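Quick notes on the structure that follows.
The values are calculated or read from the model by the stated rules, or taken from the named source; none is laboratory data. Quick caveat, the model's predicted, so the values are computed rather than measured. For neighbour counting, all protein chains shown are included, and Cβ atoms are generated from backbone atoms with ideal geometry for every residue, glycine included. Accessible surface is based on the protein model in full, side chains and every heavy atom, while ligands, DNA and RNA are left aside. Shrake-Rupley method; radii C 1.70, N 1.55, O 1.52, S 1.80 Å.
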Amino acid sequence: MESSPFSIETLVKKVREEIFSTFDVYNSFVSVSAYDTAWLAMIPAENPNKFEQCCGPMFKGCLEWVLNNQKEEGFWGERDMNGLPTIDTLPSTLACIVALKKWNLGDTNINKGLAFVRENLETLLKERHHSLPRWFTIVFPAMVELAQATGLGVADEVKGVLADVLLKREQFLETEGDVNDYQCYPPLLSFLEALPSTRNIDREIILKSLNQDGSLFHSPSATAYAFMATGERKCKEYLERLVRRCPRGVPPMYPMDEELIKLSLVNQVTRLGLAEHFSGEIEVILSEAYRSYKRPQTRVDNLKPAKLYKDSLAFRLLRMHGYDITPRSFCWFVHDEEILAHIERNSGYFMSAMLNIYRATDLMFSGENELKEARSFARKLLEKNMRTRCEEDGLLEMPSFHEVVEHELSLPWIARLDHLDHRFWIEANDHVDALWIAKASFYRLSCLHNDKLMKLAVENYKLRQSIYQRELEEVTRWSKEWGLSEMGFGREKTTYCYFAVAASSSLPRGSAVRLIVAKSAILITVADDFFDMKGSLDDLQSLNEAVQRWDGKGLCGHGRIIFEALDGLVTDIAKKHLRQQGSDITDNLRDIWRETFGSWLVETTWSNNGFIPSMEEYLETGMISIANHTIVLPASCFLNPNLPNHKLKPSQYEPVTKSLMASSRLLNDIQSYQKEQLDGKANLVLLHLKGNPKAEIEDSISYVKGMLDEKKTELLEHALMDYGSNDLPKPCKLLHLSCLKVFQMFFNSSNRFDSDTELFDDIKRGIYIPPENPAPRRIPSPFKMETKCSKVKARVIGESKYQGSRNFNTGQNFARSATPIPVGREKVIIPPKFGLCFPATKDFQWTAGVRGNFGRAFLLGRGY
């Protein structure tokens, strides 16, 4: 069903009500930590009579939560994006069954939990064998020991697979102090409940380490243990405040960083292409973040991955919205060699932070050397991570992290079109569904993968596609009616031109700007080709003279077609502006086009006469002949607020326009110098090479790229900031930025504009093919299968020499792992993309997910 504005507005209203209207972090947005809730459930109530036994749990609500929130398969904790248990379910499940055992409740829950641990421990550990998280190696052995001490008897059963975990735990305990120097990850003392008794943590050390709010590193579980060990009143008061705030299970830390959650929400809404619908809510959140930024920062906290992540995210969002913020807010660390070395040694723990830092440096202004250094450092660590495939991170657990990094590193942000970027994030559902890492468990931010929000993103994208399809049909019809698409020479780029403007910006759905920009770009492409390759000097002089006097009498052939199309376009734009804005801009529009045609004739005359201009002379003319200002300025007259009429005068352009003109020319020249060398035309790369006889062509390219980088950073600053002499309305400046992104996309590493095929896939995904709905986060679990038979028969299929049939016991847990399955005399590793196929019968049919590095396979079974 086709999306409609009404359906979009309905979804917007629902999202606003669910997410923005009542921003309740603890009871709506952050998932409950089963691990921490279990520890609070273990605390006995204080008995007024100290000589009598305790009368039950202090926090009965926590115990009730544990009793009522066991998953069907027997575990407590989080699922991954496919609905399968994560590694944090092991310690969480043990902590929950210990809490139930302590109060002699839930025998059935306890037995199901123990069965889950026994049956799935080996599989879950194997999946993370090479990258067991630090927190897991500390917490899980302690929970096994605690369960054993409670009489649950699990130690002997897990002894074999636990050896490696115990070894890693001892390494951490031997090499780390109770509180580490940089606090880049939770200190050992924050795992107080999981530290062995040999650690000798006495009451004095615990009390000395408490935060002002009475918590131990804001950890509910560690504070619960600290209270049970010391009876400290401040710890009790912290826990009581926590339970009052979160009566239905506690979060993994308290207080949470609400500002980070809000910034993450703004980031999510923006990258899904929905910012236009929530501009007021976004502005409120960012203004709060800016006030926080203006307050003094403490350097000690800044090295935590979460703090670097948050500060770099805040910098990017605030700068993108025009706030005056300096790079020092997050990249101060580049000046400290010791800290840089520490981050590099622990690089795996900082990957999410480094990715955010790298993104933040996309918005670099001229002279911001700190950002250059931060970008280089972050890219180095991200590339290292791509090579080593390190999976541990200090903040996020996301299966597609390496794909996201590749997306960021392979193509710079300035060369990515917004519309296609929105599609990437809509379809990157596993990243959207990322798990955040707390001290000893995972948690979700439900506001980031709200089902209605994701549906809105898909429907909004589809609505824009339907608009773009209709407008492209109109542009194609216009080009054909004026004869521009059938000139018989040069480049036919009607679709390219429209796609570029539609995909580069999120203009209002009913905006006339897209059509004006596309038609202007089509006409410029045809006219430029006429000057470059088709028209004789007499033809070109006649056409230019006709444009200068704005009278097409005497023209014929191609020159006549071009002038009539130009006159029709200018007339149409001027009439539309008179009708909407009440002023006549006909003369202003004609003057800009006169200047553009004049520059084309100058360049043709240079080429025909063999004249070699100076670099300054060439660039002065080339900035005009690239004609980006001819596109962007008339279109800006239809934005809201619109471009003032007096800004349309030639040679009186604002700095942002001049930066766009120069950047566009330099981008074109870097990719076209070889072709223009063969054609005997001027080009800035070739002019620099000619003026520096000892230089190589690579030196000249590097020189021009240096000029380009400077102009792009200037344009970025002019477009995003409101200070200085630049007084264009903000929408006009952002349209300049969109035009730069289009040119960067066309000429980033090759000349994509001149290719007939390079953009086909992008055009299909941007205009015609709807985005795939995010994959469901829950699939049938392989952990519980009730069948009427004891065996199934499987056939291995796929691109492999290992094919055939095999009988399996239905109790055999081969669905969860890529372990060898014997087939004949061979042992086959069933890769994720293979299918194990069972013919279905009326007896039963079941499905089970097979998780691996690259995908899933599915099993279909029947009895026989």
Whole-Hz couplings from phi, Karplus 6.51/-1.76/1.60, listed for segment 648-659; x for Gly and Pro: 8, 6, x, 6, 10, 7, 5, x, 5, 5, 5, 5
Calculated Rg and Dmax of segment 51-97 using C-alpha coordinates, Å: 13.9, 52
Qualifying trypsin sites (Lys or Arg not before Pro) in segment 533-617, DSSP loop, other Cβ atoms within 10 Å at most 11: LYS553
Listed residues SER466, ILE437, HIS449: farthest to the positive end of the dipole of segment 433-479 (Cβ charges): ILE437
Inter-centroid distance (Cα atoms) of segment 485-531 relative to segment 410-470, Å: 28
Accessible surface of segment 527-628, 1.4 Å probe, proportion on carbon and sulfur as whole %: 45
Cα-projected label distance for LYS380 with ASP336, points at 7 Å along beta-carbon direction, nm: 1.8
For segment 508-576, convex hull volume per residue from C-alpha positions, Å³: 83
Dimensionless Rg over Rh [segment 83-169; C-alpha; Kirkwood]: 0.95
Size descriptor, Kirkwood hydrodynamic radius, that averages inverse alpha-carbon separations across segment 462-591, Å: 15.6
Residue-level accessible surface for ASP107, protein heavy atoms, 1.4 Å, Å²: 110
Two-site label geometry, SER197 and SER446: point separation in nm, points 7 Å out along Cα→Cβ: 4.1
Set of lysines near LYS13 by C-alpha distance (under 25 Å), chain-local residues within fewer than 8 positions excluded: LYS262, LYS452, LYS455, LYS462
HN-Hα J in Hz across segment 218-230 - Karplus 6.51, -1.76, 1.60, θ = phi - 60°, x for Gly and Pro: 6, 9, x, 5, 5, 5, 4, 5, 4, 5, 5, 7, 10
Whole-Å distance, taken between Cα centres, linking segment 626-704 and segment 193-254: 62
Accessible area in square angstrom per residue, segment 1-137, 1.4 angstrom probe: 43
Environment charge of ILE261, counting only residues whose C-beta is closer than 13 Å and scoring Lys/Arg +1, Asp/Glu -1: -2
Nitroxide proxy distance, nm - points 7 Å out along Cα→Cβ at SER279 and ASN369: 3.9
Pairwise FRET efficiency - GLN581 versus SER4, Cβ, R0 = 22 Å, nearest 0.05: 0.15
Where Rh is the Kirkwood radius over Cα pairs, Rg/Rh for segment 433-509: 1.30
Sequence-distant residues sharing a close amide H with PHE217 (under 5 Å, placed H): ASN211
For GLU397, residues with placed amide H under 5 Å, excluding near neighbours: LEU435, TRP436, ILE437
Loop sites in segment 461-518: GluC sites (Glu not before Pro), DSSP, at most 11 other Cβ within 10 Å: none
Set of aspartates and glutamates near LYS294 by C-alpha distance (under 18 Å), chain-local residues within fewer than 8 positions excluded: ASP257, GLU258, GLU259, GLU283, ASP311, ASP324
Average accessible area per residue (Å²) across segment 549-644 - probe 1.4 Å, nucleic acids and ligands excluded: 43
Reduced Cα scattering model of segment 392-523, Debye log10 I(q)/I(0), q = 0.10, 0.17 Å⁻¹: -0.48, -0.97
Residues ARG245 and LYS159, FRET efficiency given R0 of 51 Å [Cβ-Cβ distance, rounded to 0.05]: 0.80
Cα gyration tensor category, rounded, prolate or oblate, for segment 646-712 with a/c compared to 1.5: prolate
Candidate residues HIS449, HIS321: accessible-area rank, largest first, probe 1.4 Å: HIS321, HIS449
Cα-centre dipole for segment 93-152 with unit charges at Cβ (Lys and Arg positive, Asp and Glu negative), debye to 20: 100
Value of relative contact order over segment 269-411, rounded to a whole percent, pairs C-alpha under 8 Å and six or more apart: 23
Lysines whose Cα lies under 19 Å from that of LYS519, excluding same-chain neighbours fewer than 8 positions away: LYS480, LYS493, LYS575, LYS576, LYS741
Within the accessible area of segment 228-289 (1.4 Å probe), percent carbon and sulfur: 50
